[in-house]
1. Give the relative contact order (percent, whole number) for region 5-194; include only Cα pairs under 8 Å separated by 6+ residues.
2. Take THR58 and ARG32, extend 7 Å from each Cα along the Cα→Cβ direction, and tell me the distance between the two endpoints in nm.
3. Expressed as cubic angstrom per residue, what is the convex hull volume of the alpha carbon set of region 2-46?
4. With a cap of 15 neighbouring Cβ atoms within 10 Å, and only residues DSSP puts in a loop, list the GluC sites (Glu not before Pro) found in region 126-185.
5. Using the Cα centre of the chain as origin and beta-carbon charges of +1 (Lys, Arg) and -1 (Asp, Glu), tell me which of PRO173, GLY92, GLY72 is placed farthest towards the positive end of the dipole.
6. Past the 29 Å Cα-Cα mark, which pairs from LYS89/LYS158; LYS11/LYS136; LYS11/LYS160?
7. Which distance in Å, rounded to a whole number, links the C-alpha centroids of region 1-38 and region 41-78?
8. With a Förster radius of 25 Å, plug the Cβ-Cβ distance of TRP41 and PHE142 into 1/(1 + (r/R0)^6) and report the FRET value to the nearest 0.05.
Amino acid sequence: MDTYLYRLGDKLYLNLTNRCTNACEFCIRNGREGMGDQTLWLEKEPSTEQVIGQLEHTDLSAFEEVVFCGFGEPLLRLDAVAAIGRYLKGRGASVRVNTNGQADLVYGREVLDELVGAVDTLSISMNAASAGEYQKICHSEFGEAAYPALLRFAVSAKEKGFRTVLSVVDTLPAEQIEACRAWCDAHGIPLRVRRYE
Ligand code: SF4
């Protein structure tokens, strides 16, 4: 059976899609079935109603945060994230989306206003210090347009009042991590250096 909801530590994760506009070389989907003992490859993407139906039976007070993450890019399911996020906020949950920040390119418009009231935190993968380096490791279907778009997305998210975090993996060369940090410092956005697992 497909896993739409899974728990890791004190967080509840939602897995809405396996699709992504990137093919990152470090993606956890490469050669893995899921996280922990959960298989996250989906035979069928869940509807908004299916996910909310499962959440109805979940004690959200047991979780510090609910995270749209999964095995793919959650904002490819923008409408579902917005609707489920609003439902979760209505139940008092803190909601985060882990994203590659390319949603504006996907939809051809600025989408962040659609997430106001549904999402508290946007954790955006920065992954590199330049468009060329990003494309070399992330292989976006948008080519080198992806990187400036994700940076614009992050700046806009901060301006619109979302808690905004950029992230890189610790396998990136130290000088690139420092260049990412400098960009983040200049824009007042925290950088998280996450361990590659
Ligand atoms: S953006 Fe995330 S889900 Fe998509 S390929 Fe990269 S690591 Fe995997």
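The values are calculated or read from the model by the stated rules, or taken from the named source; none is laboratory data. In this text, all values refer to a predicted model and were calculated from it rather than measured experimentally. With ideal geometry, Cβ positions are generated from the backbone for all residues, glycine too; neighbour counts draw on all protein chains shown. Please note that ligands, DNA and RNA were not included when accessible areas were found on the heavy atoms of the full protein model with its side chains. Shrake-Rupley method; radii C 1.70, N 1.55, O 1.52, S 1.80 Å.
1. Values: 320 pairs, mean separation 36.9, N = 190.
Across region 5-194, relative contact order equals 19 percent.
2. Calculated label separation equals 1.9 nm.
3. On the way: hull volume 3.9 nm³, N = 45.
Measuring per residue, one finds 88 Å³ for the Cα hull of region 2-46.
4. Numbers: sites: GLU133, GLU141, GLU144, GLU159, GLU175, GLU178; in loops: GLU141.
Sites meeting the loop and neighbour criteria: GLU141.
5. GLY92
6. Details: LYS89/LYS158 19 Å; LYS11/LYS136 32 Å; LYS11/LYS160 25 Å.
Over 29 Å Cα-Cα: LYS11/LYS136.
7. 11 Å
8. Values: r = 24 Å, r/R0 = 0.97.
Using R0 = 25 Å, I get an efficiency of 0.55.
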